[in-house]
Amino acid sequence: MPIFRSRVQGELLAAVLLTGDAEFSLTELAQRIGAALSTVHREATRLEAAGVLTSRRVGNVRFVRANQNSPAYAPLRDLVERYFGVPVVIAEEFGELDGIDELSIFGSWAARANGLAGPEPNDIDVLVIGQPDRDATYESALRVERRVGKPVNVTIRTPEAWARKADGFLQHIAASNLIPIISTSEDGGISG
């Protein structure tokens, strides 16, 4: 998204703005988004000067959090969610895997994203329909966990099992608030 200075700035904003009132050290943020501490420091300083973040020091450690009183908070949070939020990160990390026919988010995270009231989700449930390499799939889930800061639980089912929905678990998922991320089109390409 060209309105952000860089991908680092977008991911820093996502890490801070999409986690409620959480507070992070700059070192935690650098590790989480895979950027140099000096770059995170510069971006956090710019964002604080703009009123988007607030910070406090404990000894030599600088902690930052979203400035929820800023008039820019809500619209910026919406933009960041759209371009750097959980569905985008999942699409990026799972999108290169072979053997995925469909990829969706389900469970409490999907319910909250669809507007159902409830507590903040503790994890993200991902449904993979297809026959991807399981190790590569779980590695993708770990990368998502590092980027979004929440555990990712992956459920893998074959297209045949998903079509039958013979067990109660799959019936429950099918009836829930699914958020489609990737689906294979009829020409074999992936859309997301």
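The values are calculated or read from the model by the stated rules, or taken from the named source; none is laboratory data. Quick caveat, the model's predicted, so the values are computed rather than measured. Cβ atoms come from the backbone with ideal geometry, glycine included; neighbour counts cover every protein chain shown.
Of the numbered conditions (1) of a type in the set (S, T, N, Q); (2) within 18 Å of Arg143 (Cα to Cα); (3) exposed (fewer than 15 other Cβ atoms within 10 Å of the Cβ), Ser6 satisfies every one except a single condition; which is it?
Single failed check for Ser6: (2).
When you check Asn122 against the structure, is it exposed (fewer than 14 other Cβ atoms within 10 Å of the Cβ), assigned by TED's automatic domain parsing to the domain that holds Leu97, of a type outside the set (Asp, Glu) and within 28 Å of Ala30 (Cβ to Cβ), yes or no?
It is true that Asn122 is exposed (fewer than 14 other Cβ atoms within 10 Å of the Cβ), assigned by TED's automatic domain parsing to the domain that holds Leu97, of a type outside the set (Asp, Glu) and within 28 Å of Ala30 (Cβ to Cβ).
Can you name the number of the only condition in (1) outside the structural domain of Tyr138 (by TED's automatic domain parsing); (2) within 30 Å of Gln131 (Cβ to Cβ) that Glu92 fails?
(1)
May I ask you to verify whether Gly34 is buried (at least 18 other Cβ atoms within 10 Å of the Cβ), more than 30 Å from Glu160 (Cβ to Cβ) and either modelled with pLDDT under 95 or aromatic (Phe, Trp, Tyr) (or both)?
Criteria not met by Gly34.
Check whether at least one residue in segment 91-98 is within 28 Å of Leu53 (Cα to Cα) and aliphatic (A, V, I, L, M), and report yes or no.
Looking through segment 91-98, at least one residue is within 28 Å of Leu53 (Cα to Cα) and aliphatic (A, V, I, L, M).
Could you check segment 25-51 and list, in sequence order, the residues that are over 17 Å from the mean Cα position of the chain (by Cα) and touching a residue at least 40 places away in the same chain (Cβ under 8 Å)?
Across segment 25-51, the qualifying residue is only Arg46.
How many residues does segment 1-24 hold that are outside any helix (DSSP H, G or I) and either without any contact (Cβ under 8 Å) to a residue 24 or more places away in the chain or more than 19 Å from Gln68 (Cβ to Cβ) (or both)?
Final tally of qualifying residues: 6.
Residues that are in contact with a helix residue (DSSP H, G or I) (Cβ under 6 Å, 6 or more places away or on another chain) and either over 21 Å from Leu142 (Cα atoms) or at pLDDT 95 or above (or both): does segment 80-89 have at least one?
Yes, segment 80-89 has at least one match.
Is segment 13-20 home to any residue that is modelled with pLDDT of 95 or more and loosely packed, with under 15 Cβ neighbours inside 10 Å?
Within segment 13-20, not a single residue is modelled with pLDDT of 95 or more and loosely packed, with under 15 Cβ neighbours inside 10 Å.
Determine the pairs where a residue that is among the hydroxyl-bearing types (Ser, Thr, Tyr), located within segment 163-180, has a partner that is surrounded by 12 or more Cβ atoms within 10 Å (Cβ to Cβ) with Cβ atoms under 6 Å apart, the partner being 6 or more residues away or on another chain.
Listed by first residue and then by second, the contacts come to Ser176/Phe106.
Just checking, how many residues over segment 155-182 are surrounded by 15 or more Cβ atoms within 10 Å (Cβ to Cβ) and not in a helix (DSSP H, G or I)?
Number satisfying all stated conditions: 10.
A quick yes/no check of all residues on (1) of a type in the set (Gly, Ala, Ser); (2) surrounded by 13 or more Cβ atoms within 10 Å (Cβ to Cβ); (3) touching a Pro at 6+ places or on another chain (Cβ under 6 Å):
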{"site": "His41", "(1), (2), (3)": "no, yes, no"}
{"site": "Ala66", "(1), (2), (3)": "yes, yes, no"}
{"site": "Asn69", "(1), (2), (3)": "no, no, no"}
{"site": "Asp101", "(1), (2), (3)": "no, yes, yes"}
{"site": "Ala111", "(1), (2), (3)": "yes, yes, no"}
{"site": "Val126", "(1), (2), (3)": "no, yes, no"}
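All but one of (1) loosely packed, with under 14 Cβ neighbours inside 10 Å; (2) among the acidic types (Asp, Glu); (3) in contact (Cβ under 8 Å) with a residue 24 or more places away in the chain hold for Asp135; which doesn't?
So the condition that Asp135 fails would be (3).
Which members of segment 25-38 meet the condition of being acidic (Asp, Glu) and outside any helix (DSSP H, G or I)?
Scanning segment 25-38 gives no hits.
Here are the criteria: (1) closer than 20 Å to Arg32 by Cβ; (2) at pLDDT 90 or above; (3) surrounded by 14 or more Cβ atoms within 10 Å (Cβ to Cβ). Tell me which single one Gly149 does not satisfy.
(2)
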